[in-house]
Every structure is written in structure tokens, then in C-alpha cells.
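Following: one structure in C-alpha cells, then a few remarks.
The values are calculated or read from the model by the stated rules, or taken from the named source; none is laboratory data. All of these numbers come straight from a predicted model, not from anything done at the bench. A quick note on method: Cβ atoms are made from the backbone with ideal geometry, for glycine too, and the neighbour counts reach across all protein chains shown.
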Amino acid sequence: MGSDWRMELERWLSPFLTALGHKARARICPAYVAGLIAIGERKSIQPMALRDGVVGYDQLHHFIGAGVWDAAPLELELARQADAMLGGDEAFLIVDDTTLPKKGAHSVGVAPQYASALGKNANCQTLVSLTLASREVPAMVGLRLFLPESWTSDEARLARTGVPEHRRAYRTKPEIAIEEIDRLRATGVRFGCILADAGYGLSAPFRQALSDRGLRWAVGIPRTQRVYPCDVAMIFPVASRGRPRKNHVPDVVSVPAQAMLESVRWRKLSWRRGVKGPLAARFAAIRVRVADGPPQRIGRMGAQHLPGQEVWLVGEHRSSGERKYYLANLPPDTPLKRLAGAIKARWVCEQAHQQTKEELGLDHFEGRSWQGLHRHALMSMIALLFLQSRRLTEAMCGTTLSSMWLTTMRFWWSTVSRSSE
């Protein structure tokens, strides 16, 4: 592999190096990012230093783990570059989480928890991720560690791994996601809709926080999520005996999302073309009111959530027989095909996670500290954005791809072809 891509990388990194504001760091940063991109089995610090032969292990280790520099200016530049490349009204901001399997109990945030990469509970770290995507091209713009309660309740552990004071209180993944969305919006990142799976969509505070910010969203939900018909009315019940009723109640009871869609017409739709032909499933949609309003006691039914925001309830019936359910606050006149296309656009974040791990070493970091993990994650996101920049440039120019880029692209398209969606 020639050195042309390394020279291009240094030119492309120029605004990031300016943000670092230090000559020594400006020399080590490109070496670290290049180490993540270059061919090699392991992308931890020692193997990268051995392959590079110019910047030593101690320098790379100090840069990531102990160097005195602020990541915020680089995160800002990452957001700006990603927005310039992919941002706009047609872009999606995809909220998800990704897990890094880890042995032992000393690395920051590691605990037995569900690991999506393994499909089961395992010892791992969980990062809340935000991915900006447009035209099926993803760029990861946020990775923030989730700390389980077993960590936030142990001050000694938090101090030992260098968790900042303002990060030590327990926060749910949806709460972390909202904070990251606010951070990205403050940088000027443009997107038309936020997407998330049921792990986030089942959180009423998460959905309500997005709506309160005037954002469009489409999220997965469990089939048991209760909803009301769109025309539900609030009535004042007449008491047959006892004291008069003081609160209005819905004139109908809420039902599970699955039951609400049973009488709705389903249509077969294709949302994009895959390597083996059009990807299609059956979809149905109906306007509903979500049962996520304030709780109110309703007769013998006990406390029930009152009707909340009016949204779309969407069902997907896959060829495998699996059924999925979603809520979306897109406008009432949104066509079913557009609803389906928005919902299914979420798949690209999974491919970004996989490439960033398998090709760029996101899960190869061997340090234990909060700062080291987040700096390594930041370098991985910068490396992915550089590769996406090259991908788009080469696609527009139609020129011959380098061997390094061909390797990356072969991996990329092979993962796309294996996608079950």
C-alpha cells in the first residue's frame, strides 16, 4: 500500500490538528488515525506503534490516555465536517447503542449487560451512539459511555477510572442520547428526522423530549405499547354513587399497538434495492394518540395513562413472519411509503458500528480510563469520516480506487449484502 492515502489523510486532518493547537499532538494524531485505518489485525496501541515505526508506543499511549488536551474542539470539527458532507433536511440522525465485549471488572463502565454484538448478556461496555446518515452513507458523530448503577454507586471505581464529576450520576441511555442530540444541534448539524430502535422508543420521556424540541422522529416500540384511537374524547364521568368525579377520563380504553393494527389494511412495499433485489415487507399505518399522558385512576381499571401526542402507529410484517411496531410524529399527510422508508433507514448505523469495530478497531482499546476510551472512540469516528469522504470523492470522480480503499469497500458491501433488513 502506497503512502498517497497517508498524505491525503494529513491534509484532510488539517482543521482537526489546528483544533488540537500543539505541534507534538498535531504529529501524533495523524499517526493514531492512520494506525486505525492501516491493514492490521489489532488496532490497539502497541501493534499500531510497531507497524508505524515512526511514532512510538509511549507517545501514542500518552496522547490517548494522559495527554492534556480537550476533545471538545475535535468533536465540534467532526460534527461540522459530517454536516458538510451529509447534513440537510433529508438526512437522518440515528440513535442506537453499541457494545464492546470486555474481560475483567476494571475497565470503565464494564459490567454484565446485554451485548447486541453477541445477542446475549455478557461482560461489556455500552456506548450510546449517534450516526448522521444520508443517501445510505453513515458517519458516526457521537459515542458516549453508559455507566450502569453498579458503577455510579461506587465512587472509588469512578475516581480510579477518571470519570468526570459531572458524569458520575446515573443516567439512562435515553437521557444520554438527549444530551448528545442537544450537543450536536448546538454545533449546527442538520437533519430532518431522528430514528431509534425500541430500546429508546419505549421511553415516553425520550419521545416527549424530542417533540418538545420541535424534532421529527420515528422510533421502534414493543407490541404491548398502549395507544388510543385518534378520535378519543375526554369525558366527565357521571358517578352512580359516592362522591362526584373530579377528573375527565377517555371515552374508550387504550389497547396494545398490535391490537390497534389488526383491522388496518396492510400493503407490500419496497423501501430500497439490495444486492439481491428489492427489499420489501408488508406495512400498515394509522393515526393514534399514545397512552403516555399523566396517569389517572379510571374506575375499576385503576391508574391508566391518559392520551398523549397524536402520532403515526406503523406496523411491519416481515417475510420471516416477524412483526415490528413503530411510532412516528411525521405529518398526518405523510404517505405510507415515506413512513416505511424513514423507519428502514436506521439499518445503516449497524453497518457503521460493524465497520468501525472490525476495520477501525473501535473495540480494540485496551485502556481502562474514561478519557482514554472516549479519545480512542473519537479517533475511530474521525477515521470513519475520512474513509466516507474518500468513498464519496471517488464515487463522484469515477477514478481508480487504491488497494486500501478497495479492501474497505469490499468489507462494506459484503456487510450490506448480509443485512437481514
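Values as computed for the structure displayed
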item	result
Neighbours by Cβ (under 6 Å, 6+ apart or cross-chain): first from segment 154-168, β-branched (Val, Ile, Thr); second at pLDDT 95 or above and assigned to a helix (DSSP H, G or I)	161/370; 163/370
Segment 324-348 - residue that is more than 22 Å from the chain's Cα centre (by Cα) and touching a residue at least 24 places away in the same chain (Cβ under 8 Å) and, of those, surrounded by the most Cβ atoms within 10 Å (Cβ to Cβ)	336
In segment 28-60, residue surrounded by the fewest Cβ atoms within 10 Å (Cβ to Cβ) [restricted to those that are among the charged types (D, E, K, R) and at pLDDT 90 or above]	58
Criterion: touching a residue at least 60 places away in the same chain (Cβ under 8 Å), over 22 Å from residue 321 (Cα atoms) and among the small types (Gly, Ala, Ser) - qualifying residue of 177, 209	177
Selection from segment 179-192 of residues that are over 17 Å from residue 378 (Cβ atoms) and surrounded by fewer than 20 Cβ atoms within 10 Å (Cβ to Cβ)	182, 185, 186, 188, 190, 192
Residue count for segment 36-81, restricted to those that are in a helix (DSSP H, G or I) and over 30 Å from residue 195 (Cβ atoms)	17
In segment 226-260, residue modelled with the lowest pLDDT [restricted to those that are assigned to a loop (DSSP other than H, G, I, E, B) and touching a strand residue (DSSP E or B) at 6+ places or on another chain (Cβ under 7 Å)]	237
Residue that is surrounded by the fewest Cβ atoms within 10 Å (Cβ to Cβ) [pool: residues in segment 203-230 that are among the small types (Gly, Ala, Ser) and over 22 Å from residue 337 (Cβ atoms)]	214
Count - residues of segment 362-397 that are surrounded by fewer than 24 Cβ atoms within 10 Å (Cβ to Cβ) and under 18 Å from residue 103 (Cβ atoms)	7
Of all residues making up segment 336-375, the number that are closer than 30 Å to residue 281 by Cα and either part of a loop (DSSP other than H, G, I, E, B) or of a type in the set (Ser, Thr, Tyr) (or both)	3
Output for segment 199-225, where each listed residue is at pLDDT 95 or above, part of a helix (DSSP H, G or I) and under 17 Å from the mean Cα position of the chain (by Cα)	200, 201, 206, 207, 209, 210
Matching residues, segment 267-310, being over 26 Å from the mean Cα position of the chain (by Cα), within 18 Å of residue 324 (Cβ to Cβ) and exposed (fewer than 15 other Cβ atoms within 10 Å of the Cβ)	267, 268
Residues of segment 261-286 satisfying the condition of being farther than 12 Å from residue 227 by Cβ, in contact (Cβ under 8 Å) with a residue 60 or more places away in the chain and not in a strand (DSSP E or B)	275, 276
Qualifying residue in segment 292-310 (condition: part of a strand (DSSP E or B) and acidic (Asp, Glu))	yes
Verdict on residue 273 being at pLDDT below 80, of a type outside the set (Gly, Ala, Ser) and more than 19 Å from residue 339 (Cβ to Cβ)	no
